[in-house]
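Only the coordinates and a few stated rules stand behind these numbers; no lab work does. Treat the numbers as computed from the prediction; the structure is a model and nothing was measured. Glycine also receives a Cβ, built like all others from the backbone with ideal geometry; neighbour counts cover every protein chain displayed.
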Amino acid sequence: MMRAFWDRAFSHSALLSYRGPIKAKVEQFIGRVGELSMPIDIAYHSAILATELMITLTFGLELTEEEIKIATLIPGFISRKFANVTNEIIRMNESSDIYGYIQQSKSDPKAPGFPLPMEARLAIVGGSVCYFLCTHPKYIAKLREEVTPLVHFNKFDMMGRYSLLEAVIKESLRLIPPISRGAERVTPPGGVMIAGRWIPGNIIISISYYSMSRGPYACVGQQLAMMEIRETVARLITSFDMRLADPNYRTWEDSGRGTFTLELPPLMIKFERICCA
């Protein structure tokens with residue numbers, strides 16, 4: 001199963017090695033937010049941060065915001081050119097990034113022949129909890145009390161568990177889950193029997209991720225995603241005060257568009273740097 005190779009990429013020792021790149025990228029993100037005096041679209045900037053992080057962690061590459069935007073505008077660029085370049089880089093260099101672990105499956109006869117560039121693209125996922133913090137500002141103050149001493153004394157551990165921070169993140173993800181619908185599969189050409197019901201061949205079926213995402217089927221990358229979110233949220237709330245640019249903009253959570261992942265509309269937030277942060 002391909003899962004075995006993903007598990008290597010998200011083992012405890014592998015996650016430890018990703019902390020440095022995550023800290024560096026989040027630091028750049030905080031710097032960008034601090035440079036922008038006008039309200040910013042945090043949904044857009046969070047997506048850019050998530051993409052930068054996963055390109056760095058997945059491929060061991062550095063792309064700027066402008067390069068990422070250009071890549072997404074060229075039809076087929078990511079699936080063809082970008083994948084070809086990264087395959088060549090990995091072929092020439094032993095890599096300990098995520099794609100390096102997955103690439104090892106090519107030399108294993110037991111590994112199925114899944115398209116590895118597609119596996120890498122599916123790894124690029126991000127999210128944000130800023131909206132709910134802005135609409136429930138008392139939790140910003142409480143959260144700041146919990147993590148500020150740790151951040152300021154460089155004792156905050158993105159792999160650690162902090163009661164309020166964990167609760168805020170998980171409740172935000174529950175209310176606006178990144179995956180807007182179940183995982184899709186195409187039935188075999190000859191059809192298949194599923195739960196006592198015959199499904200004809202070449203039919204797209206959808207399976208709820210709630211029932212199929214526990215135990216050995218749980219998302220293999222969730223710990224890495226939580227590391228990124230913990231670090232980002234902790235740095236944001238200890239560096240800035242934040243509020244909605246439009247206090248009446250309370251319907252943002254209902255304005256998403258479901259694709260494979262949830263696409264959210266712009267979310268304009270005003271960030272003001274905390275004195276001495």
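The figures follow:
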quantity	calculated
FRET efficiency estimate (nearest 0.05) - Cβ-Cβ, Glu145 to Asn248, R0 45 angstrom	0.95
In the range 126-196, trypsin sites (Lys or Arg not before Pro) in a DSSP loop with at most 14 other beta-carbon atoms within 10 Å	Lys155, Arg161
Over 25 Å between alpha carbons, listed pairs Lys25/Lys170; Lys155/Lys270; Lys23/Lys142	Lys155/Lys270
Estimated FRET transfer efficiency when R0 is 30 angstrom, pair Ile207-Lys170 (beta carbons, to 0.05)	0.85
Proxy reagent accessibility, fewest Cβ within 10 Å first, across Thr232, Thr56	Thr56, Thr232
Inter-probe distance in nm under a simple model that places probes 7 Å from Cα toward Cβ, at Glu27 and Asp7	3.5 nm
